[in-house]
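Notes for the one structure printed next.
The values are calculated or read from the model by the stated rules, or taken from the named source; none is laboratory data. All of these numbers come straight from a predicted model, not from anything done at the bench. Reconstructed Cβ throughout: ideal geometry from the backbone, glycine too, with neighbour counts over all protein chains shown. With ligands, DNA and RNA removed, areas are computed over all heavy atoms of the protein, side chains included. Shrake-Rupley method; radii C 1.70, N 1.55, O 1.52, S 1.80 Å.
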Amino acid sequence: MQSLTGYVRRLVSGDKARFKDETLNLELDLVYLTDQVIIMGYPAEGVEGWYRNRREDAKKFLEHRHGKNFWVFNFCPILENSYDKSIFGGRVSRFPFPDHHAPPLAFMPLVAREMGAWLHGSPERIAVLHCKGMYTSYRCRSFQLRPCAAGKGRSGTMACTYLLSLDSPSPPKLQRSYSSKEWVKLRAEEVMSVVPEDDDVDPGSISNLDIENTSATPSYSKTHHTDTLNAVLDLHTSRRMKRPVSPGKKAKQGVSIPSQRRWLHYWALVLSRTAPAHLWAVPPVPSPKVKLTQIKLRMRPTPTVKAGLALAANVVLEHIKGPKNAPAHKNAHVWASLARYDDEFIDLLETWERRTRDENGRMGLRRPNLELSGQEDIRDLFKDGRWDKTKMVRTFARMAAVGDLAIAREKGEGKDNKINVFTLSSLDIQTWNAFRDELKTEDEPDDNVEGSASEAVSLNDSTSSAKERGIVLNAGREVRIKLYMGQVFMGWLWLIPTFHMKTASEGPTHFRLKRKELDFPLGLGSAIIDVEIEMEWLPRGDNEAVQPSAQFEQLKMERNLKQYPW
C-alpha cells in the first residue's frame, strides 16, 4: 500500500523534483531552492494525503530538520482550501490569490519583505512556501482534458519574487539541503570542477553540448535586477523541476505561466526603480487612466484545429464560413471578458506597501522595527477570510467582434497563409444584451477553465458612452482578458497597462502577444496567432471614471448571477 501511495504522489508531482529523507524514511514533494527557502507541495490530510504531501509528514520533516526555525507561507485562498495555523506552531502567513493567476502586484513587495524580515533574524531560519495545484477541466461537449500544475506556479512566482530582492541569490550549499543521492553527485561534480584543464585542448573542439552545459549555470555577478531575472528563473527551474533523462534536453520551466513571468518582469522593474513613477508613489498621486479601445485577435482558419474541438464549436464556426476573402457573418461570437481584483482589496494592499516600505526606498526590504510600532500586523490581514472566502476575481466588462467590419481575412505567410482577424470593441447595453441572448442558446460556458474556485464573473452591461468608445482602466491596476469563441474558452492573459504604454505624444499603444505568451491557449485557442491590444492615455483632468465602480459591479452581480450564471 505504501508503494502504491508513493507512486500516486510521484505521478501527481509530475515533472517536479522530490526530496527523500532516508533518516525519516520520507519522500516529499519538496525542494530546497536555497539553504533558507523551501518550496513544497500542499500539506494535505485525509484522502488528499494519498496523492499529496501528508500534513503530518511535512510537519515531521520540518520539525526534525529545523525545530521551530521555520515559517510557512501559504498562497491558497480559503475558498480553495485551508488549515489551522496551529498545525505548524502558529508560524503561518497567508497571502492568497487564485490558482493559475497573476497575484496582485502589491503582494510581491509584501511577501518579499515578510520573508526577508523572518530570514534575516538568523541563518538557521527557513521560509517554507506552498500553494496547491488543482485538477481542472476544459470541456467542449464530448471532449475533456484535465491538466494539473500540482502546485508550482504561485509558490514559484513568490519564491522568485523574494530571490529578486536579494543582492546575490545562489543555489543551496549545505548538505542538509540535498538528499543523500543529490549530495554525493554534487560533491563529485565539485571534485571534477577543480581538475586542471589540459593546456593542449583545442578551444574549437568543444562540442555544442559542452557549450550548453557551461552556459546553463546561472551567473549572479550582475547587479541590475532585470539582468538577474532570467538567472533567478533558471535557478528555480533547476531546483524545482526534475533533470531530463535525455542528454541535451531542457527541463520544463518551473514558473511556466506567461502572466506570472510577466509579473516577475514588472517586479524587476520596480526593484531597479525603472517602473512608472506614479506607481505606489509617496505621497500617493492620482493614478492616470487609459482607455482600452480595441483587441485584435488573429487566428488560423479553424478547420486546422482538431476535429473534435471544431465540432464542439460548430454553431460558431458556421458563422465564419463563406466565399474566399469574403467577410464573415456579423456575429461570429468571438468575445472577451475583462476582470480584476476588488478595488478596495488592492487599495488596502497598496496602503500596506507604503506603510512597510524601507525608509530609504529599497522595495525589497521591510521598514525596521515595524512590529514595535503598535500598528496592525500584516499577518492578520487575511485571518477572517474577508478577501478570499468568496470569489477574488470579478468580470466588469466585455468586448466582442460585432458587425461586418469587425471580422476580416488577410493573407499571411507559410502555414499561416489564410488568417481570420477579429476586432473586438466595447459594447453598449443593447448590443451586449442581443449578443448575450445568442450565447444563451448554446451550451452553458465553462468560465472556470484552467482557473479555480477563487474566480467569479458577473454580468455587467456598463461600457463607455457611445461617443467615446472604449473601456476606461486604472493604468496601474491588474486586468485579466479572457478570450472566447462562442461558449468555448480560448485562453487568457493578465497585464498592467502602465508598464506597456508609450508616452501620450506618441499616440495609441499597440501591445502584441504571441500565442505562446498567452495563458492556456487550449483547444480552439491553439489556432491563435497573436493578440494585439490597443490602449491610449486619457488626458489629465478627464473626469471619465474607471468602469465600473466596485459598488455598481457588486449590485449587478447579485442581480444577474442567478439569471445568467456564466
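Against the definition (modelled with pLDDT under 95, under 30 Å from ARG355 (Cβ atoms) and surrounded by 24 or more Cβ atoms within 10 Å (Cβ to Cβ)), how does LEU33 come out, yes or no? Here the answer is yes, as LEU33 does meet what is asked.
Considering segment 473-504, the residues that are among the β-branched types (Val, Ile, Thr) and assigned to a strand (DSSP E or B) include one that is surrounded by the most Cβ atoms within 10 Å (Cβ to Cβ), namely VAL488. Note on segment 71-82: residues that are open to solvent by 10 Å² or more (accessible area, probe 1.4 Å) and within 26 Å of PRO123 (Cβ to Cβ) total 1. Filtering segment 258-269 to residues that are over 13 Å from GLY156 (Cβ atoms) and open to solvent by 10 Å² or more (accessible area, probe 1.4 Å) leaves PRO258, ARG262, HIS265, LEU269. Residues in segment 143-169 that are modelled with pLDDT of 85 or more and among the polar types (S, T, N, Q): SER155, THR157, THR161, SER165. Scoring PHE75 on the criteria (1) at pLDDT 95 or above; (2) among the aromatic types (Phe, Trp, Tyr); (3) closer than 20 Å to ARG261 by Cα leaves a single failure, condition (1). For SER122, the conditions (1) surrounded by fewer than 16 Cβ atoms within 10 Å (Cβ to Cβ); (2) at pLDDT below 90; (3) hydroxyl-bearing (Ser, Thr, Tyr) all hold with the exception of (2). Within the option set LYS85, LYS68, LYS59, being open to solvent by 30 Å² or more (accessible area, probe 1.4 Å) and within 26 Å of VAL393 (Cβ to Cβ) holds for one residue only, LYS85. Scanning segment 505-547 for residues that are open to solvent by 40 Å² or more (accessible area, probe 1.4 Å), among the polar types (S, T, N, Q) and part of a loop (DSSP other than H, G, I, E, B) returns a single hit, ASN543. Within segment 255-282, residues that are at negative phi have Cβ atoms under 9 Å from residues that are aromatic (Phe, Trp, Tyr) and assigned to a loop (DSSP other than H, G, I, E, B) in these pairs: ILE257/PHE520; VAL270/TRP280, counting only partners at least 6 apart in sequence or on another chain.
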